[in-house]
Amino acid sequence: MMKVLAISSSPRKNGNSDLLCDQFLKGAAQAGHTVGKIRLAERDIRPCTACYGCGETHACVQQDGMAEILEKVLAADVIVLAVPVYFYSMAAQMKIFIDRCFPRYTEIKHKQFYFIVTAADPQHSAAEETIAGLRGFLRCLPGAEEKGVVYGTGAWDKGDALRHPAYEKAFEMGKSI
């Protein structure tokens, strides 16, 4: 049994990437894993100020919701990063989350990662920059392992993911952990 944590960066509750995230977790739960989800839009997380105040303490000087999130990330075995693509790049909420991992990124080690991306453009290539950014994050994490990507490309309107092939794929990928 593994601890699976999804980080949803959709600014819309039940937005397309959020729906696919839920499907992934549903599959993982059905396979017997413990699941949890954090919706970044519902948290108070401010951008990194590059003050380097975290240097010795490995704790951010900002007093917001990120410390609690980092504890959950450290406790997880599997991390799902679900993100909508905006203007061919990742949504700001995910980038802020990634940047704010800085104080403890060396402790986020030996984790399995799955990516869920949605975009209005139907081509998988529409998500290339976003996937590259997520992979860049993983390159900084000791022993991080990318396990799979769910492409919800061609999903524009809220709820399009419900009728998208990625809906079933997200469930099956979660179930296969």
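The values are calculated or read from the model by the stated rules, or taken from the named source; none is laboratory data. Computed from a predicted model, the values in this text were never measured in an experiment. When we count neighbours, we look across all protein chains shown, and the Cβ atoms used for this are built from the backbone with ideal geometry, even at glycine. For accessibility, only protein heavy atoms count, side chains too; no ligands or nucleic acids. Shrake-Rupley method; radii C 1.70, N 1.55, O 1.52, S 1.80 Å.
Estimated from helical segments only, the mean residue ellipticity of the chain at 222 nm is -10000 deg cm²/dmol, where each DSSP H run of four or more residues counts as -39500 (n - 2.57). The H on the amide N of Gly152, modeled in the peptide plane, is under 5 Å from the matching H of Val117, Thr118, Ala119, each at least 5 residues off or on a different chain. Here Lys169 is the anchor, and the lysines within straight C-alpha reach of less than 21 Å, apart from those fewer than 8 places off in the same chain, are Lys3, Lys13, Lys26, Lys37, Lys147, Lys158. Sparse packing (at most 11 other Cβ atoms within 10 Å of the Cβ) combined with a DSSP loop state is found for the following GluC sites (Glu not before Pro) in the stretch 1-97: Glu56. If you bin all the Cα-Cα distances of the chain at 5 Å, starting from zero, the percentages per bin are 2, 9, 19, 22, 21, 15, 8, 3, 1, 0.
The HN-Hα couplings worked out from phi for the stretch 74-82 by the Karplus form 6.51 cos²θ - 1.76 cosθ + 1.60 (θ = phi - 60°) are 5, 7, 7, 9, 10, 10, 9, 9, 10 Hz, whole numbers, x standing for Gly and Pro.
Counting only protein heavy atoms and a 1.4 Å probe, tell me what percentage of the chain's accessible area is made up of carbon and sulfur.
That fraction is 53 percent.
Per residue, the convex hull around the alpha carbon atoms of the stretch 93-174 comes to 93 Å³.
In this structure the stretch 1-86 gives 46 Å² per residue of accessible area when probed at 1.4 Å with all protein chains present.
Find me the longest stretch of the chain that has none of the exposed chymotrypsin sites (Phe, Trp or Tyr not before Pro), where exposed means in a DSSP loop (not H, G, I, E or B) with at most 13 other Cβ atoms within 10 Å. Here the longest run is 89-155.
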